[in-house]
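The values are calculated or read from the model by the stated rules, or taken from the named source; none is laboratory data. It should be emphasised that the depicted structure is a prediction, and the values quoted were computed from it without experimental measurement. A quick note on method: Cβ atoms are made from the backbone with ideal geometry, for glycine too, and the neighbour counts reach across all protein chains shown. Just the protein is used for accessible areas: all its heavy atoms, side chains included, with ligands, DNA and RNA removed. Shrake-Rupley method; radii C 1.70, N 1.55, O 1.52, S 1.80 Å.
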Amino acid sequence: MFWQAIQQRYLRELTLMGLVLTGGVGAAVHWLWPEKSCLSFMTIPVFFWCVGLLYIFLFSCCYRLGTHKLMSCYMVCKALKFLLSVALLLAYIWVVKVDVVPFLFTFGLFFFGFLVFETRFFLLFEAKLKNRKKNE
């Protein structure tokens, strides 16, 4: 019950964060490069939303194994996100070869925005988990 509530909250906040970042970053990119249209712009929020789904799936698996595995899981998720991000950026640079700077700028804004969101969310989760254990 506790974990299901955390999952649902994470998915709601992940989706909301994606929508807010898409609007904000889209406006910033349009303001900075109005002549450049980054056609692949919408792949970025979809990528981070899918990575968020992967996060919650991996955390679910680790939570079932025991809460002592959560810090390791968090570190694996961060490394996996970084490697997938590098792979996506290299693929974009190799395949598309145009509008690389706006895409990299946009990707960087999303990367750091989601980094802050995920770190905040999982720190709050750890605090709730400790309080829950203390109250039991």
**Request:** State the number of residues belonging to segment 97-135 that are under 19 Å from V51 (Cβ atoms), without any contact (Cβ under 8 Å) to a residue 12 or more places away in the chain and hydrophobic (A, V, I, L, M, F, W, C).
**Result:** 4
**Fill in**
Within segment 94-136, the count of residues that are within 20 Å of the chain's Cα centre (by Cα), over 20 Å from K78 (Cβ atoms) and charged (D, E, K, R) comes to 0
**Fill in**
Residue pairs qualifying under the 8 Å Cβ cut-off, at least six apart or on distinct chains, with the first in segment 67-96 being under 25 Å from L124 (Cα atoms) and the second being open to solvent by 90 Å² or more (accessible area, probe 1.4 Å), are T67/K133
**Message:** I'd like to know if segment 106-118 contains one or more residues that are assigned to a helix (DSSP H, G or I), open to solvent by 20 Å² or more (accessible area, probe 1.4 Å) and of a type in the set (S, T, Y).
**Reply:** no
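Okay, residues lined up against (1) part of a helix (DSSP H, G or I); (2) surrounded by 15 or more Cβ atoms within 10 Å (Cβ to Cβ); (3) not β-branched (V, I, T):
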site	(1), (2), (3)
Y10	yes, yes, yes
L16	yes, no, yes
G26	yes, yes, yes
P34	no, no, yes
F41	no, yes, yes
I56	yes, yes, no
